[in-house]
Amino acid sequence: MRTAVELLLWWGLLLLLSMVLISSVSVLEVAVGGGIAAIGALGAVAARRASGAALGGAAGWARALWAFPVTLLADTGRLAVLVLRTLRGPRRPPEGGGFRTVRLAPGTGAAWAGALLSATPGGYVVEARDGVLTVHTLDGSVPALQRALTGGPR
Amino acid sequence: MNAWLLAAAVLAVGGLGPCLPVGLRGSPEQRVAALDLAGTIASAVLLLLAQGFSRTSYTDLAVDLAVLAPAGTLVFTRLLAGREPR
């Protein structure tokens, strides 16, 4: 039953993605998209089982989702400043950039939290172990998304 | 020439312009940062062009790039991870 629900979720997600990425939605497109999404869903379930990954707890998801677009915009701005600064000034890396460990708030799943953090330009999760993420960051600042995931101050 | 196309031209020159020298001449970490920014700006330029030419089908390219460009950056970042001691 659990596998069927997971398959259905993957299938729906992949079908939605294919619908977003095409310009005109016709019956043929939906049929082809549905077929390919079914194959993709089978592969996704197999890959997830092989990796032993689990979604983890859902604590703090609403706050994280709210902080995500803010962090996305702020990080893009910081990235632009960084590139422009590299262009004119001395070429040295920004202060505080590099690997950092982030302890997630209790009940926050490492899988989705890591994916969300990696989707912003300012951070990339390279390792997750027992609720502690190893994140490669752009600079020393702590983005809103990270504060939301660690349960830090707003 | 409408406002959308003008905005696309300004963003392409003003945004992608600085990314090019940094992406070509910087250190590996700076190049990845420039590549990341270039992907974001290129997606926005393609969206503006689609709007400027009134062709909704052109947005497909921008949406595809928006999905694929960050994934490419993540791959490069993963390869750079071995350069710095943890």
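Within region B:7-25, if we keep just the residues that are farther than 12 Å from A:V83 by Cα and in contact (Cβ under 8 Å) with a residue 24 or more places away in the chain, the residue that is surrounded by the most Cβ atoms within 10 Å (Cβ to Cβ) turns out to be B:A8. When you scan region A:16-31, do you find a residue that is more than 18 Å from the chain's Cα centre (by Cα), outside any helix (DSSP H, G or I) and away from chain B (no Cβ under 14 Å), even just one? No: region A:16-31 contains no residue that is more than 18 Å from the chain's Cα centre (by Cα), outside any helix (DSSP H, G or I) and away from chain B (no Cβ under 14 Å).
Per-residue answers, yes or no, for (1) away from every other protein chain (no Cβ under 11 Å); (2) under 15 Å from A:A119 (Cα atoms):
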residue: B:M1; (1), (2): yes, no
residue: B:L6; (1), (2): yes, no
residue: B:V13; (1), (2): yes, no
residue: B:P18; (1), (2): no, no
residue: B:L49; (1), (2): yes, no
residue: B:R55; (1), (2): no, no
residue: B:A62; (1), (2): no, no
residue: B:P70; (1), (2): no, yes
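For region A:126-152, taking the residues that are farther than 18 Å from A:R48 by Cα, out of contact with any Pro (no Cβ under 8 Å at 6 or more places or on another chain) and hydrophobic (A, V, I, L, M, F, W, C), the one that is surrounded by the fewest Cβ atoms within 10 Å (Cβ to Cβ) is identified as A:V132.
For beta carbons closer than 7 Å, sequence separation of 6+ or different chains, a first residue in region A:133-154 that is touching a residue at least 40 places away in the same chain (Cβ under 8 Å) and within 18 Å of A:V83 (Cβ to Cβ) and a second that is of a type in the set (K, R) and surrounded by fewer than 16 Cβ atoms within 10 Å (Cβ to Cβ), the qualifying pairs are A:T137/A:R100.
For B:P28, the conditions (1) facing another protein chain (nearest Cβ under 10 Å); (2) farther than 23 Å from A:L21 by Cβ; (3) loosely packed, with under 12 Cβ neighbours inside 10 Å all hold with the exception of (1). Selection of region A:45-84 for residues being touching a residue at least 24 places away in the same chain (Cβ under 8 Å), among the aliphatic types (A, V, I, L, M) and over 26 Å from A:W11 (Cα atoms) yields A:A67, A:V70, A:L72, A:A74, A:L79, A:L82.
Just so you know, all these numbers are worked out from the coordinates, no wet-lab data involved. The structure presented is a predicted model; accordingly, all values stated were derived computationally and were not measured. Ideal geometry is used to build each Cβ from the backbone, glycine not excepted, and the neighbour counts take in all protein chains shown.
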